[in-house]
Amino acid sequence: MTMMTAEQYENSLRNLNLVVYLFGKQLKNVVEHPMIRPSMHAVAKTYEMAHRPEHADIMTATSHITGKKINRFTHIHQSVDDLVKKSKMGRLLGRETGCCFQRCVGMDALNALSIVTYNMDQKNGSDYHQRFLTYLEYVQENDLTCDGAMTDPKGDRSLPPHKQPDPDLYLHVVEENGDGIVVRGAKAHQTGAVNSHEIIVMPTMSMRKEDQDYAVSFALPADAHGILYIMGRQSCDTRKLEQGKLDQGNILFGGHEALVVFDDVFVPWDRVFMFKDYEFAGELVEKFAAYHRQSYACKVGVGDVLIGASQTAAEYNNVAKVSHIKDKIIEMNHLNETLYCGCIACASEGSQEPSGTYSVNTLLANIHKQNVTRFPYEISRMAQDVAGGLMVTMPSEMDLTAPETGKWLEKYFAANCEVPTLNRMRILRLIENLTLGTAAVGYLTESMHGAGSPQAQRIMISRLVDMMEKTKAARKLCGIEE
Ligand code: SF4
Ligand code: FE
């Protein structure tokens with residue numbers, strides 16, 4: 001079964017024995033929980049779309065290990081064309097779901113490990129790469145969703161891992177024996193954690209020798225003994241527990257994050273891809289970050305939805321032809337397509353690593369992500385401007401359906417007489433969801449902090465631009481000789 005259907009994916013999750021807590025209680029049925037289910041549907045979309053012939057070119061690839069057709073989310077990029085298709089896949093799925101579809105973190109972790117395990121072996125004569133390829137084949141053959149786990153809680157930010165008063169604030173090795181290792185710690189903000197079959201752990205930053213116990217990378221089944229998940233909240237999340245759907249805005253899909261705790265978890269050696277190789281921790285972080293910054297192509301697709309919603313709201317108010325509204329829609333498109341330029345450019349300028357994997361242009365991936373920390377906020381500001389205040393003052397669906405109040409909402413929220421009031425309320429709720437509600441986690445805060453906060457990209461930009469070349473060019477043109 002190299003490509004699961006959406007239904008097979010959902011059923012495969014039922015077979016997992018995840019320990020998940022929400023609102024202080026352990027969940028009995030994770031897959032059916034109304035606050036988690038929309039996020040499961042978003043990942044399921046990555047399976048469903050891969051079976052659609054019209055999207056096969058974008059959504060599927062040929063495995064470089066087995067030669068079989070696989071879901072692109074389990075693929076190791078073999079060309080610049082693969083990288084470009086990855087960016088296009090992100091936009092496509094962002095537009096289809098209007099939220100975070102979660103599966104990119106695993107893809108990015110696999111690709112980063114394919115590069116770094118090879119480099120480690122070349123330098124140290126280890127055998128990580130073959131281990132990794134065996135694992136990769138397992139992931140591809142079973143079409144698994146992997147959660148890429150990088151971000152440690154980090155405790156006191158001024159102290160390195162080994163100096164933390166509580167040593168578990170960075171995930172670390174606490175025991176090693178002939179069978180494997182035991183790890184303890186946590187990973188925070190884990191996108192799609194409880195919709196994943198596997199969890200791939202990587203170090204969170206560059207490490208020195210004193211921190212070598214923290215330089216560890218491995219993969220585990222998501223339900224391995226000792227792993228537990230504590231679900232994160234999202235603003236307006238309990239609307240998913242209400243009877244009606246209207247107030248959710250996006251009535252089909254959502255995302256989620258969780259704190260993942262590793263309470264002395266055993267990892268067999270064949271699933272360890274980095275063990276105290278501190279001098280390679282930084283390289284793994286950098287490769288993963290560059291790929292994941294490219295993955296923020298997803299926000300272009302979500303931007304498509306928000307622009308479409310804003311245009312619809314304008315039409316429903318009968319103001320779509322007003323010049324300043326038209327200009328705002330143009331500006332939203334300008335910003336959104338500028339983001340698209342970035343994720344296509346870093347892919348197009350990609351190159352081959354010694355392992356054979358194609359990597360994005362790191363500078364351009366960082367430029368792209370830096371834009372992503374800004375433009376969705378500006379697009380959201382304009383969407384709220386176009387939508388008007390009703391987006392946040394509108395009564396609930398229950399008021400719309402109650403006989404005493406429904407008639408008043410119908411009467412006073414009518415605008416363009418050709419449009420049912422219900423539809424006007426729906427589109428405003430979608431804009432609310434994307435800019436203030438559950439999906440704003442993905443479209444705004446995740447745009448800010450996901451794949452590294454803005455300052456992380458600025459550090460990379462300062463390291464990667466060739467300032468010497470620029471100053472030389474300027475000095476030459478005005479006759480300065482040195
Ligand atoms: Fe993928 Fe975007 Fe979600 Fe990150 S935020 S996992 S890139 S959809
Ligand atoms: Fe993310």
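The values are calculated or read from the model by the stated rules, or taken from the named source; none is laboratory data. On a predicted model such as this, the values are computed, not experimentally measured, just so you know. Because the Cβ atoms are built from the backbone with ideal geometry, glycine has one as well, and the counts that use them run over all protein chains shown. Side chains are part of the model used for accessible areas, which takes the heavy atoms of the whole protein and leaves out ligands, DNA and RNA. Shrake-Rupley method; radii C 1.70, N 1.55, O 1.52, S 1.80 Å.
Results, tabulated for the structure shown:
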| read-out | value |
| --- | --- |
| Tally, over segment 390-400, of residues that are out of contact with any Gly (no Cβ under 8 Å at 6 or more places or on another chain) and open to solvent by 50 Å² or more (accessible area, probe 1.4 Å) | 2 |
| Search result, residues across segment 396-454 that are among the aromatic types (F, W, Y), closer than 21 Å to Q311 by Cβ and more than 14 Å from ligand 1 (Cβ to nearest atom) | F413 |
| Unique match (being within 21 Å of Q234 (Cβ to Cβ) and surrounded by fewer than 21 Cβ atoms within 10 Å (Cβ to Cβ)) among V105, V80, V31 | V31 |
| Selection count, segment 320-347, where residues are open to solvent by 50 Å² or more (accessible area, probe 1.4 Å) and either assigned to a loop (DSSP other than H, G, I, E, B) or under 23 Å from A109 (Cβ atoms) (or both) | 2 |
| Some residue of segment 382-389 being surrounded by 23 or more Cβ atoms within 10 Å (Cβ to Cβ) and within 16 Å of ligand 1 (Cβ to nearest atom) | no |
| When residues of segment 427-461 are limited to those that are away from ligand 2 (no atom under 16 Å from the Cβ) and without any contact (Cβ under 8 Å) to a residue 60 or more places away in the chain, the one nearest to the chain's Cα centre (by Cα) | Q455 |
| Boolean, M40 is in contact with a His (Cβ under 6 Å, 6 or more places away or on another chain) and surrounded by 14 or more Cβ atoms within 10 Å (Cβ to Cβ) | no |
| Total residues in segment 348-368, condition under 23 Å from L444 (Cβ atoms) and surrounded by fewer than 23 Cβ atoms within 10 Å (Cβ to Cβ) | 1 |
| Verdict on T393 being free of Cβ contacts under 8 Å to residues at least 12 places away in the same chain and within 16 Å of ligand 1 (Cβ to nearest atom) | no |
| Options T117, T191, T151; residue that is closer than 30 Å to P34 by Cα and touching a helix residue (DSSP H, G or I) at 6+ places or on another chain (Cβ under 6 Å) | T191 |
| Residue pairs meeting the criteria (Cβ under 8 Å; at least 6 apart or on separate chains; first over 16 Å from I459 (Cβ atoms) and in a strand (DSSP E or B), in segment 351-379; second among the charged types (D, E, K, R) and open to solvent by 10 Å² or more (accessible area, probe 1.4 Å)) | Y358/D82; S359/K287; S359/E353 |
| Hits in segment 9-22 (condition: open to solvent by 40 Å² or more (accessible area, probe 1.4 Å) and without any contact (Cβ under 8 Å) to a residue 40 or more places away in the chain) | N11, R14, N15 |
| Those residues of segment 401-420 which are open to solvent by 10 Å² or more (accessible area, probe 1.4 Å), not hydrophobic (A, V, I, L, M, F, W, C) and not in a loop (DSSP other than H, G, I, E, B), in sequence order | T401, P403, E404, T405, K407, E410, K411, Y412 |
| Verdict on R293 being among the charged types (D, E, K, R) and surrounded by fewer than 24 Cβ atoms within 10 Å (Cβ to Cβ) | no |
| Residues of segment 52-85 classified as in contact (Cβ under 8 Å) with a residue 12 or more places away in the chain, more than 15 Å from E141 (Cα to Cα) and touching a strand residue (DSSP E or B) at 6+ places or on another chain (Cβ under 9 Å), total | 8 |
| Unmet criterion (only one of (1) in contact with a strand residue (DSSP E or B) (Cβ under 9 Å, 6 or more places away or on another chain); (2) without any contact (Cβ under 8 Å) to a residue 24 or more places away in the chain) for V116 | (2) |
| Any hit, segment 212-230, residues being outside any loop (DSSP other than H, G, I, E, B), open to solvent by 10 Å² or more (accessible area, probe 1.4 Å), more than 16 Å from ligand 2 (Cβ to nearest atom) and in contact with a helix residue (DSSP H, G or I) (Cβ under 7 Å, 6 or more places away or on another chain) | yes |
| Sole residue being within 16 Å of ligand 1 (Cβ to nearest atom), of a type outside the set (D, E) and modelled with pLDDT of 95 or more, chosen from L93, L113 | L93 |
| F132 being buried (at least 16 other Cβ atoms within 10 Å of the Cβ), within 16 Å of ligand 2 (Cβ to nearest atom), in contact (Cβ under 8 Å) with a residue 24 or more places away in the chain and within 30 Å of R14 (Cα to Cα) | no |
| Scan of segment 152-180 for residues that are among the hydroxyl-bearing types (S, T, Y) and either exposed (fewer than 13 other Cβ atoms within 10 Å of the Cβ) or over 14 Å from M207 (Cα atoms) (or both), ordered by number | S158 |
| Tally, over segment 285-326, of residues that are touching a residue at least 12 places away in the same chain (Cβ under 8 Å), away from ligand 1 (no atom under 16 Å from the Cβ), small (G, A, S) and within 17 Å of G98 (Cβ to Cβ) | 3 |
| Any hit, segment 197-204, residues being more than 16 Å from ligand 1 (Cβ to nearest atom), part of a loop (DSSP other than H, G, I, E, B) and not polar (S, T, N, Q) | yes |
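Residues are listed down the side, and each one gets a yes or a no for (1) farther than 24 Å from A215 by Cβ; (2) within 16 Å of ligand 2 (Cβ to nearest atom):
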residue	(1), (2)
R95	yes, no
R103	yes, yes
S114	no, no
T145	yes, yes
D168	no, no
L171	no, no
N177	no, no
A193	no, yes
